[in-house]
Each structure stands twice: as structure tokens, then as C-alpha cells.
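Shown next, in C-alpha cells, is the structure this report addresses.
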Amino acid sequence: MSATKLQNMLPLAIFAIAQPAPKTNIVPLDHALKAHAVASDRLVRGTAATLATMQLAARGFDPSTILELAEMQDAVRARYKALSEGWMKGWTAWAQYADQLKGANTMSKFVERECNILGQAMTLVMKQATDISGLQENIEVDYAYWVSEKLAEKKLAALL
Amino acid sequence: MSLGMKSETPKLPSYNVQANQHSISGLSSGAFMTVQLHLAYSSSFTGAGIIAGGPYRCAESFRNTAMIAADAYAMNALYICMAPLTPRTAPNAERLAALARQTEADGKIDPLSNLAKQKLYIFTGSKDSVVESKVVHATKRFYEQFGVPAGNIKYIDNVPAGHSIITDHVEDSPLDMNQPPYINYGGFFQSHDILRHIYGDLKPPVQHLSGRFLRFDQAEFLGGDAAYASMSPFGYVYVPDAVAKGARARGVHIALHGCKQGYGYINYVMGLPDSANQPPYGNRYITTTGYNEMADANNLIVLYPQALGDDDNQAQNPDGCWDWWGYTAKNPKDPDYYSRDALQIRAIHAMLERLCGGIQTTKTQSTEVSAS
């Protein structure tokens, strides 16, 4: 791109930057409240699971309980392994893309490719964060469910 | 595919249809919805096909997951009904059967005694990583609680399929894939197996369709609740030529697509609709999954209701899934997604009644869609 063309485009770029930001309804307080609500749910769930675990422990761990816990651990390990493999595939593909600059022979193509490399990396990081968060929630919910079921079973068995 | 639009607001027509010989099937969210609708209106049906779907009201397995019921049900749906870590953290079929009995006692669903004579096709791919096989196994156990004879249940869990409906089209995704459009090539049409199991001896599917696709207005079945329904403006129905000319249809089969499979589905990228790059499979579930060829040969009508994905409407349903965990509920403290009163269930059953002439309305010209 010639220097003259760039000079001609500069006022347009300044004009674009100078535009007032569009009006939105984003309320930071809403986001904070939602984060608090989600965290509160997590805290309540975690506390209930801890209490249930203590009650279950007080009744003694039988072989089936230990076996089921081990099974859950194995499942978590397998899930994490599958996620890790997916992430690795993503990063491998990203590295291959980032390595190919040959076709970027104009300024616009070069800028597009650099932005793509950055954007793809960000997407991969976001996916990892979402996946980990999902797995963590999965473990929390499933463990809380399992321990409440086990405790209910034990209580019922004690009554019979 | 060319879409030959003729009229502005096409209405679903009525036909001469044998009563209460209807059936329903679906994949994924369509399969979960199949179970809810099947139980809600079991007197209308003779069988159901469930591909990768969980048992009735499984989203209510563990209420203590969150303080608000709707939030708890959403998490149950994700982590107990779809991705439980172990068989013990999968839905509890016996307890959900008790919940179904309570729902029946409350008068919210048809008598559960109807289930004992139903034919059920239940499938889980052994490579499915979206809805775990242990969930689908719980669906089988759930139906067994209501006296469905073993011979009436065709349960398949040994096909190395990913999360998908299987077809005989080589251009579909490889069998073990777990990605949209969730239509995988497996060398046979799963839809044919479903219909054969439900209806018994059927004539072989036709090579060339004789009938017509009709596009119809879904909004008229939603009344003033359209904003909550997460359903597309249009649904589709396939009508064999003989039925269109007055022959009595053997029944209506309702085919429910899964998430990301409705005609109006638009992928959301980082929370924004990717309207510049529409997925290429908008109508594939309707036209290529094999239902129509089998229906054509056997005078069955196939109804294809359509869910709509939207991330900023009141339903919060970006993937266009059917409601099997309560997102259409106006009251998040008490979601009602499982009964005859549930918004989507009510609407789809009203479509079924209309097809059978159960609801008299002014007939208008439907929109014909050419599948050529």
C-alpha cells in the first residue's frame, strides 16, 4: 500500500475512532450480582455436599462406597484426558496456521492473518477455560448428587 | 432445494388419519422431548423412537443443585442427564418412574397404563460423548417400570456411533463423529428401523417421493406465548400423495430434530449470531434422514415441528433445543415442561390434532416446498 493511500485513509480512521460509543444497557452491577448468585449456589452446594460427606463418613465407608468413589475418580481422569487431547489438537492446528505466512503478500492479508492468529489463540484459551469450568461444575454436581443418594440409602438401611 | 412460496401465512391442513396410531421420535433434545411428549399424551401414540435421550423429568433428579429451580434443572440437564460421571450419578429410573406416577395422579399426563402396549426403539451410540450411554440405559429402565414387555423394546447400544441420527448417505459425517449437524453415515437409515419397529411390517421405502412437503405457520399453535416458546415461525409436514388425495393415513409420525438442527438455526460465535455464515444443513433433518421415503411407501404423515435458537429472547436457548428442562417456564421457581400444559408439548399436540381434523379451522392454502 502506498504512503499516499495511507495518508488519504488516515482521516477516515480518525473519524471512526472519534465516533461516540453506541448506547448500551450494560449494567456492571447486574454482572456482579449474577456472579454472586452463581458463586452462592456453588457455596451452598459445596457446603451441603461437605455436610453430607461428614455424615456419610460417620456411618463408615463400606466397600461399595469406596469402589464408587474410585470409579468417579477414574471418570474424572478420563474426562480430563479427553479434554486435554482436544486442546492439544487445537493448539497443533493453531501452530500450523501461524507458521504459514507465505500467502500474506499484501498489508491487508498480513493484518488479517495476524489478527486471525491472535483471535484463534484467544478462542482456544476461552475454550479451555470454559471446558475446565464445565468439568469442575460437572464434578461438583455429580459428587453432591452421589453423596446425597448414598446418605439417603444409608439412612433408609438404618431404618429397616 | 428450492422453496416455492405461494402464500403468506400457511395453516396446517387436516387429513383423513387413523386415530391414535401415531408415533414420535427424536434425536438428543428431540429424544428427551419425545419422552416428555410421549408420556404427556400416551393415549395418542402407539410407539416412540429415542436416539440418545434420557428418561422423563430427569432434569429434576437433584433439586439441591441450585437455589432457583430453573437453575437447578439446567445443571441437572447438563451434568446428570447428559454427562454423568458414573452410572450412580446418572438419572435414577426408579425414582423418576415414581415422579411420573405422581404426575399422573396430579392429572397432568395421560394414564401410564397406556405405555405397556407401546413399541419403543431406544438407541445410544457407543461413541456418543454428548449424551452418555448410561443415561439412555436409564431411559430403557424407566419404561420397563411401566410394564413394557421386553419384546416391545428394541434397545441398541453396540453401534460405534457418535451423537447423531444415522443415515445411508455417504456425504454425511463419519459414524463416530460428535459434531453438528449430528447426521452421520452408518450404511442404514435409523429412521426406517424406528418406523419398522413401531409399525411392524412396512413396505420398503420408495426411491422417489410422490408426496409434498408443506410449510405451515407454527405461531398459531402458541397463542400469546410465542415469545417464551423458542419455536420457529414455520414447521414442516410431509404428506404422501395418496393421503393428499384422500386416502386414509396410517398415522402421523412426529420427528423432532435435536439441538442445532432446526431450519432456522444460526451458530453463535462468542455470543453473537453468525448470520454471515449460515450452516449448510438448515433443512437436512427434514429432507435427508429417510423418514419421508418410508412414510411415502406406507401412507404415514411426518410432522416436523421446529425449535428456534435465540440467545437474547426470554427462552435463553441459543442452540435451538427442545425444552426438556424448563426454559419455557414463565415461573422459574416452578418450571412446567413435562405435562400436557407445557407450552411446546401443547403446541405440538395441537398440530397433531389439526392434522387429524381434531381442530376445525378455516382451511387456507399451505405453502408447498419442493425437495428437488
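Which FRET efficiency value, to the nearest 0.05, is calculated for B:Asn331 and A:Asn105 with the Förster distance at 45 angstrom and r the Cβ-Cβ distance?
Step by step, r from the Cβ atoms, then E = 0.15.
Which parts of the range B:62-93 would a label at A:His36 reach, counting a residue when its backbone N lies under 13 Å from a point 7 Å out along Cα-to-Cβ?
Correct set: none at all.
So for A:Cys115, B:Cys356, fewest C-beta neighbours within 10 Å to most, what's the order?
Lowest count first: A:Cys115, B:Cys356.
Could you go through the range A:73-87 in sequence order and give the Karplus-derived ³J(HN,Hα) for each residue, using 6.51 cos²θ - 1.76 cosθ + 1.60 with θ = phi - 60°, rounded to whole Hz, and x for Gly and Pro?
For the range A:73-87, the Karplus-derived couplings read 4, 4, 5, 5, 4, 5, 4, 5, 4, 4, 5, 4, 5, x, 4 Hz, x marking Gly and Pro.
Which one of B:Leu120, B:Pro149, B:Ser191 is farthest out on the positive end of the charge dipole of the range B:115-195, using unit charges on Cβ (Lys, Arg +1; Asp, Glu -1) and the Cα centre as origin?
Of the candidates, B:Pro149 comes out farthest on the positive side.
If I model the range B:137-213 as equal point scatterers sitting on the Cα atoms and use the Debye formula, what is log10 I(q)/I(0) at q = 0.19, 0.20, 0.23 Å⁻¹?
For the range B:137-213 at q = 0.19, 0.20, 0.23 Å⁻¹, log10 I(q)/I(0) is -0.98, -1.03, -1.12.
With a ≥ b ≥ c taken as the square roots of the eigenvalues of the C-alpha gyration tensor of the range A:97-152, please select rounded if a/c is under 1.5 and otherwise prolate if a/b is larger than b/c or oblate if it is not?
Here the range A:97-152 falls in the prolate category.
Could you list the square roots of 5 times each eigenvalue of the Cα gyration tensor of the protein assembly as shown, that is, the equivalent ellipsoid semi-axes, sorted largest first and rounded to whole Å?
38, 35, 23
Report, in debye and to the nearest 20, how large the dipole of chain B comes out about its Cα centre when Lys and Arg carry +1 and Asp and Glu carry -1 on their Cβ.
920 debye
Enumerate the lysines that B:Lys330 could reach by cross-link, defined here as Cα to Cα under 19 Å, with residues fewer than 8 away along the same chain left out.
B:Lys108
For the pair B:Arg63 and B:Val269, how long in nm is the line joining their label points, each one 7 Å along Cα→Cβ?
The two pseudo-label positions are separated by 4.4 nm.
Sort the following peptides by mean Cβ neighbour count (other Cβ atoms within 10 Å, averaged over residues), highest first: A:147-154, A:94-101, A:130-137, B:212-219.
Order by mean packing, descending: B:212-219, A:147-154, A:130-137, A:94-101.
Test of understanding: ordering B:His349, B:His253 by Cβ neighbours within 10 Å, fewest first, what list do you get?
B:His349, B:His253
Could you tell me which Cys residues in chain B have no other cysteine's Cβ under 4.7 Å from their own Cβ, answering none if every one has a partner?
Result for chain B is B:Cys356, no neighbouring Cys Cβ within the cutoff.
Which whole number gives the average, over all residues in A:145-152, of C-beta atoms from other chains lying within 10 Å of the residue C-beta?
Per residue, the number of nearby Cβ atoms from other chains is 4 on average.
With a cap of 12 neighbouring Cβ atoms within 10 Å, and only residues DSSP puts in a loop, list the trypsin sites (Lys or Arg not before Pro) found in the range B:216-259.
Taking the range B:216-259 and a limit of 12 other Cβ atoms within 10 Å, the loop trypsin sites (Lys or Arg not before Pro) found are B:Lys245, B:Arg248.
At a 10 angstrom cut-off on C-beta neighbours, averaged per residue, how do the peptides A:70-77, B:44-51, B:122-129 rank from highest to lowest?
The most tightly packed comes first, giving B:44-51, B:122-129, A:70-77.
Tell me which lysines have Cα within less than 19 Å of B:Lys245's Cα, excluding those fewer than 8 residues away on the same chain?
B:Lys11, B:Lys363
Under the definition of partner shielding as Cβ atoms of other protein chains within 10 Å of a residue Cβ, what is the mean value for peptide A:45-54?
For peptide A:45-54, the averaged partner shielding equals 1.
For B:Val17, which sequence-distant residues (separation of 5 or more, or a different chain) have an amide H within less than 5 Å of its own amide H, given hydrogens modelled in the peptide plane?
Excluding prolines and chain starts, which carry no amide H, the hits are B:Ala249.
What residues from the range A:118-142 fall in the zone where the backbone N is under 17 Å from a label point 7 Å along the Cα-to-C-beta line of A:Ala95?
The answer is A:118, A:120-122, A:124-125, whose backbone nitrogens lie closer than 17 Å to the label point.
Using only atoms on other chains, find how many Cβ atoms lie within 10 Å of each Cβ of peptide A:131-138 and report the average.
Mean partner-chain Cβ count within 10 Å for A:131-138: 2.
Relative contact order, percent, of the range A:50-160 when contacts are C-alpha pairs under 8 Å separated by at least 6 residues?
Reported relative contact order: 48 percent.
Which of rounded, prolate, oblate describes chain B, given a ≥ b ≥ c as roots of the alpha-carbon gyration tensor eigenvalues and a/c under 1.5 marking rounded, otherwise prolate only if a/b is larger than b/c?
rounded
Tabulate in residue order the Karplus-calculated ³J(HN,Hα) for the range B:200-214, using 6.51 cos²θ - 1.76 cosθ + 1.60 with θ = phi - 60°, rounded to whole Hz; enter x for Gly and Pro.
Once θ is set to phi - 60°, the couplings for the range B:200-214 become x, 5, 10, 5, x, x, 6, 7, 10, 6, 9, x, 10, 8, 10 Hz.
Could you sort the peptides B:184-191, B:288-295, A:32-39 by per-residue average Cβ neighbour count (10 Å cutoff), highest mean leading?
Top to bottom by mean Cβ count within 10 Å: B:288-295, B:184-191, A:32-39.
Rule-based calculations on the coordinates, nothing more; no lab input. Model, not experiment: these values are computed from the prediction. We place every Cβ from the backbone using ideal geometry, glycine too, and count neighbours over all the protein chains shown.
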